[in-house]
Ligand SMILES: NC(=O)c1ccc[n+]([C@@H]2O[C@H](COP(=O)([O-])OP(=O)(O)OC[C@H]3O[C@@H](n4cnc5c(N)ncnc54)[C@H](O)[C@@H]3O)[C@@H](O)[C@H]2O)c1
């Protein structure tokens, strides 16, 4: 049986990818620091080997018996990367390189890296730049998150040789249900807002473009990169997206899908907020080279999401655990307090006893 290592495999994407891999008969090893707990793996916990460790200092022997590595760990959005750019760089760039070096040393050929279409960000308001971008387009990412992903890509491509096969997936913004749920991704945020407020806020009127893709399609794209003949994927970058949409169109589609499942929602434009990203990408390459095409529409995904939110009770929408930046801040705050108290409920240290 082929064994794969998922670095960051307890995350939003990892939980779905691990399930898909198990279903296809792979043995799955997960290396994860478990920032968001183990909930993502709850249905498959007895079928995966879990190594709780930091990807920056992988334990010796982690690549033993492994045939391929997916690197889907690290800080996974702009706010967390801006919050701690040093940690972001260490995880998204340096650790990506270190893991690749270990692969090379241990003879693990295929290394599939989670990059992001956010490296294409052109901002809003410059019409000349508002064009479809592909894997050959010149990009100049500035934000901490996108820059760290882009630098990691370039390092991996330089490491490409006869013994090592790096593959890069630049994913659009992901939507859909995962047992490690995120409500800080635009479609999921819209669904959460519909439940909690009955309105969706359209920043800048929803003018910006975004490539979007369902999490199950993302898992299938990873598996396509794993199973493709090496000469098709070696040293290649692939964009992965179902469709590019303006956020205004996306909101209308989400509104219509929600109406079909009995969740009415109003759309509220907001022209005050300007910190928005905008980019649209071509996915012709992954279809041409691998024959891969995402199939799950926004409407279908939203209906599935609502059904699973209800079935599994993911209705504590304000729980900070579902929002990466809120959760990371909270963990830091808790760490500071526990640094003083020594423990949450155990009797703590006291300097002078009564
Ligand atoms: N979700 C999206 O829309 C999207 C889009 C494009 C790219 N990506 C990329 O895909 C990957 C997966 O994204 P996600 O949505 O599943 O994110 P996520 O935040 O849900 O999962 C990341 C996982 O990595 C783990 N992790 C983080 N830092 C770690 C460390 N130092 N050591 C070990 N484990 C660590 C976390 O505990 C978590 O389980 C990320 O690399 C992200 O940048 C995501």
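The values are calculated or read from the model by the stated rules, or taken from the named source; none is laboratory data. On a predicted model such as this, the values are computed, not experimentally measured, just so you know. With ideal geometry, Cβ positions are generated from the backbone for all residues, glycine too; neighbour counts draw on all protein chains shown.
For region 311-347, filtered to residues that are assigned to a loop (DSSP other than H, G, I, E, B) and farther than 21 Å from residue 195 by Cβ, the residue that is farthest from the ligand (Cβ to nearest atom) is 347. Looking only at region 101-130, residues that are under 29 Å from residue 213 (Cα atoms), out of contact with any strand residue (DSSP E or B) (no Cβ under 7 Å at 6 or more places or on another chain) and more than 16 Å from the ligand (Cβ to nearest atom) come to 9 in all. Name the single residue that is surrounded by the fewest Cβ atoms within 10 Å (Cβ to Cβ) among those in region 203-223 being touching a strand residue (DSSP E or B) at 6+ places or on another chain (Cβ under 9 Å) and in a helix (DSSP H, G or I). Ranking the qualifying residues of region 203-223, first place goes to 205.
Residues that are surrounded by fewer than 16 Cβ atoms within 10 Å (Cβ to Cβ) and at pLDDT 90 or above within region 272-293 comprise 284, 287, 288, 289, 291, 293, listed in sequence order.
So is residue 28 away from the ligand (no atom under 11 Å from the Cβ) and touching a strand residue (DSSP E or B) at 6+ places or on another chain (Cβ under 7 Å) or not? Judged against the criteria, residue 28 is a match.
Quick grid of which residues meet (1) touching a residue at least 12 places away in the same chain (Cβ under 8 Å); (2) farther than 16 Å from residue 182 by Cβ:
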position: 285; (1), (2): yes, yes
position: 295; (1), (2): yes, yes
position: 305; (1), (2): yes, no
position: 332; (1), (2): no, yes
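Based on this model, can you work out whether residue 89 counts as touching a helix residue (DSSP H, G or I) at 6+ places or on another chain (Cβ under 8 Å), assigned to a loop (DSSP other than H, G, I, E, B) and at negative phi? Spelling it out, it is not the case that residue 89 is touching a helix residue (DSSP H, G or I) at 6+ places or on another chain (Cβ under 8 Å), assigned to a loop (DSSP other than H, G, I, E, B) and at negative phi. Of all residues in region 294-309, which are loosely packed, with under 13 Cβ neighbours inside 10 Å and farther than 16 Å from residue 174 by Cβ? Listed by number, the list holds a single entry, 307. (1) touching a residue at least 24 places away in the same chain (Cβ under 8 Å); (2) surrounded by 15 or more Cβ atoms within 10 Å (Cβ to Cβ): which one isn't true of residue 51, the others all being true? Exception for residue 51: condition (1).
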